[in-house]
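For reference, the structure is listed below as structure tokens.
The values are calculated or read from the model by the stated rules, or taken from the named source; none is laboratory data. Predicted, not measured: the structure shown is a model, and the values here were computed from it. Every residue, glycine among them, receives a Cβ derived from its backbone with ideal geometry; neighbour counts consider all protein chains shown.
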Amino acid sequence: MEQERSGQLAAMRSGSAEHGVHSDQPLWVISQRLEYETLPLRSRRRLAYPVATLADGTTLAIPILVLTGQAHRPRLICVAGIHGDEHEGMTAQLEVWEELEPDEIVGTLVMVPVANPPAFRAGMRRNPEDMLDMNRVFPGNASGTVTERLAYHLFHGVVAEADFVLSMHGWSSGARVVPYVEYPRNSPVAEASRAAARAFGLEYVEAWDWPAGMLVAVCTRSGIPAIEPEIGGLGCTVPEQRALYKQGMRNVMRHLGMLPGEPELPAAIHRVTRQMLFAPSGGLVRRHVELGCAVQAGDLVASVTDLTGVPLASVETPIDGFVAAVRLMASASPGDCLAVIFQPVEVLS
Ligand SMILES: [Zn+2]
């Protein structure tokens, strides 16, 4: 398997034809911060941005796809794969890369399909090099551990000075989620982010106080509007889920004036608040609700037993609402999220 991967990498570097309409583009290896304004108008670039040499001597690089359209601005940066087990954003980006021509857009579309390659290779949320969660270490550290270096170079070398950032997530590999978009609750760019969250075109949006260390938190504190959709789960990609991501990307581009036309929106977009339900005890989890189903305060959501079936905990929802995320992985540690209940609070106009 490793030999196959090495062979593919060599082929990419030599620019040989692969599958896909635009995958014969040569791979440009950049050594420093990307100067987007120097890229020719109406062009596409496949880039690799080396950030660290690993223990075995291999070079860790961030893959970047850049479509430069009829003008350099606005610059939209789409980042997927910060968590290695959230795959819908990754595949959606590759399909948008195949489908869009530079001539069709005004501005620069930058896509990072897999921001955390070691985590993706391992099929894990965290980077096995240092077991850090990349979405908690931004803006990173140039002389830190592997994840900290990835975050540093992604933020300072790729994302900084963007006009908008779309951080594409998929909840987690052990669970499924109702597609929704987060935007910042308290930020100088909250209104611009909220407007884009609505334009993304999912039925549910949520204003959230992003903790420090998240890419979108660092962006909004730097004055860059940003949103973070959650689509997918189970560590997989399926056509209907990545289609939502592709439509959302196109809607954001319409919203920013990069594509013609208006965003395609559902009949109503609800702002929701969330109640997260955590495991009181570790053990073996069984859910008692379906994703999307309505629940009332007091309804049993999940139960936890020990490995011989002795009951350890029953988890009930304290609020009315509907099930927005649910853990399907049976193994849980204390404090793991077992479910999320959404409560709609207003219809966005
Ligand atoms: Zn994530």
Selection status of residue 241, on the phi < 0 side of the Ramachandran plot, surrounded by fewer than 19 Cβ atoms within 10 Å (Cβ to Cβ) and of a type outside the set (Phe, Trp, Tyr): no
Residue under evaluation residue 171, criteria (1) assigned to a loop (DSSP other than H, G, I, E, B); (2) more than 13 Å from the ligand (Cβ to nearest atom); (3) within 14 Å of the chain's Cα centre (by Cα), criterion not met: (2)
Condition broken by residue 216, with the remaining ones in (1) crowded, with 23+ Cβ neighbours inside 10 Å; (2) within 14 Å of the ligand (Cβ to nearest atom); (3) in a strand (DSSP E or B) satisfied: (3)
Cross-chain or 6+ apart pairs with Cβ under 8 Å, the range 147-172 first and touching a residue at least 60 places away in the same chain (Cβ under 8 Å), then among the acidic types (Asp, Glu) and away from the ligand (no atom under 14 Å from the Cβ): none
Qualifying residue in the range 32-54 (condition: within 16 Å of the ligand (Cβ to nearest atom) and either surrounded by 16 or more Cβ atoms within 10 Å (Cβ to Cβ) or within 26 Å of residue 136 (Cβ to Cβ) (or both)): no
Residue that is polar (S, T, N, Q), surrounded by 12 or more Cβ atoms within 10 Å (Cβ to Cβ) and either away from the ligand (no atom under 16 Å from the Cβ) or within 20 Å of the chain's Cα centre (by Cα) (or both), where the choices are 59, 68: 68
Among the residues listed as 211, 229, 263, 179, the single one being more than 15 Å from the ligand (Cβ to nearest atom), on the phi < 0 side of the Ramachandran plot and outside the structural domain of residue 343 (by TED's automatic domain parsing): 263
Residue list for the range 125-150, restricted to those being within 25 Å of residue 35 (Cβ to Cβ), within 14 Å of the ligand (Cβ to nearest atom) and part of a helix (DSSP H, G or I): 134
Residue under evaluation residue 248, criteria (1) assigned to a helix (DSSP H, G or I); (2) over 22 Å from the mean Cα position of the chain (by Cα), criterion not met: (2)
